[in-house]
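Beneath this line is the structure, given in structure tokens, with notes to follow.
Only the coordinates and a few stated rules stand behind these numbers; no lab work does. This one's a predicted model, so the numbers in the text were calculated from it and none came from an experiment. Cβ coordinates were reconstructed from backbone atoms using ideal geometry, including for glycine residues, and neighbour counts include every protein chain displayed.
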Amino acid sequence: MSGLKRLMIATALLAAPAFAAEPVRRVGIDVQPYYEVAREADAAPRVAVGKTYDGLLASTKREDILAARDLILAKPELVTPMVLMVLAIRLYDVGLRDDAVFWFYVAKDRFVTLADVIDIQKSGMMQAEEAVRAFATLAGPVINSYAFCDLARQKALRLKANGTRRSADILLVAPHKKYSRYYSEQDHECVEGVLLITTDGTNIVNYPKQPSENMTRKHQATGEWLKPTVRIFKNMRNRLIRDGKIKSGVAPSYFIEGMLYNVPGDQFGVSYVNTVDKC
């Protein structure tokens, strides 16, 4: 997974205001057909993400929510991003805010990892994609408003891999717009990016949308061979680091992506062995 793609998704999660005047006590959202908040503050929400977890995640007892988390930790391989999103919401509701932040980004990262290796549209998983985006858009401002209270948490969350899922560094960022013209909300021109505020107060602005769109166009132009090839090269890089052949940081992901982006499209195809050899 590229750092650029992580930044894009983080931007979507923070599309709404990141801070609230008063602390939010619960995440009051509906994402059909998976989750519906209880209309009474002390009542149980409706949960439909999987029979194994529905009863526990719908409980108003903290110990039941933790029991659902423990079930997920015991067998994480087949857990869907929707289960993880609901877990994050319910952890927040019972006061376990740090855990909620952690699992919110585990859910997001799991879906993006899935989207890296399969074609969501062709695989018939568009409903899942829409649900994850809805969870991120609706729950993101609440959970991020808590995370942003701590700049150390804002700078980076270290997510440990579950099962075969790789570790990921997640940067929490805010939307940033560079205007070239502004007369009104309806009449303006700008380039959209993201803003990261480091622990020493430094502002770092990045524009991940444009490179991501370029990579998507190139991926399609190669007959959808580019992204899997990028993953192969990154796995090769990781193996070289583990074996002590190269130092960490010598071949960052954006260097690998840029290198393969510049390979002519007719060099991709036939097989991965053939593609890697030509690249």
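Structure above, values below:
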| read-out | value |
| --- | --- |
| Cα-based equivalent ellipsoid of region 186-279: semi-axis lengths in Å, sorted from largest, via gyration tensor | 30, 23, 8 |
| Trypsin sites (Lys or Arg not before Pro) lying in DSSP loop within region 22-87, provided at most 11 other Cβ fall within 10 Å | 25, 39, 61 |
| With eigenvalues of the C-alpha gyration tensor scaled by 5 and rooted, region 218-266, Å | 24, 10, 7 |
| Efficiency of FRET from Cβ geometry, residue 184 and residue 231, R₀ 35 Å, rounded to 0.05 | 0.20 |
| Loop sites in region 173-276: chymotrypsin sites (Phe, Trp or Tyr not before Pro), DSSP, at most 14 other Cβ within 10 Å | 183 |
| Fully extended contour minus Cα-Cα distance, from residue 63 to residue 195, at 0.36 nm per residue | 43.8 nm |
| At most 12 other Cβ within 10 Å, DSSP loop - trypsin sites (Lys or Arg not before Pro), region 216-245 | 245 |
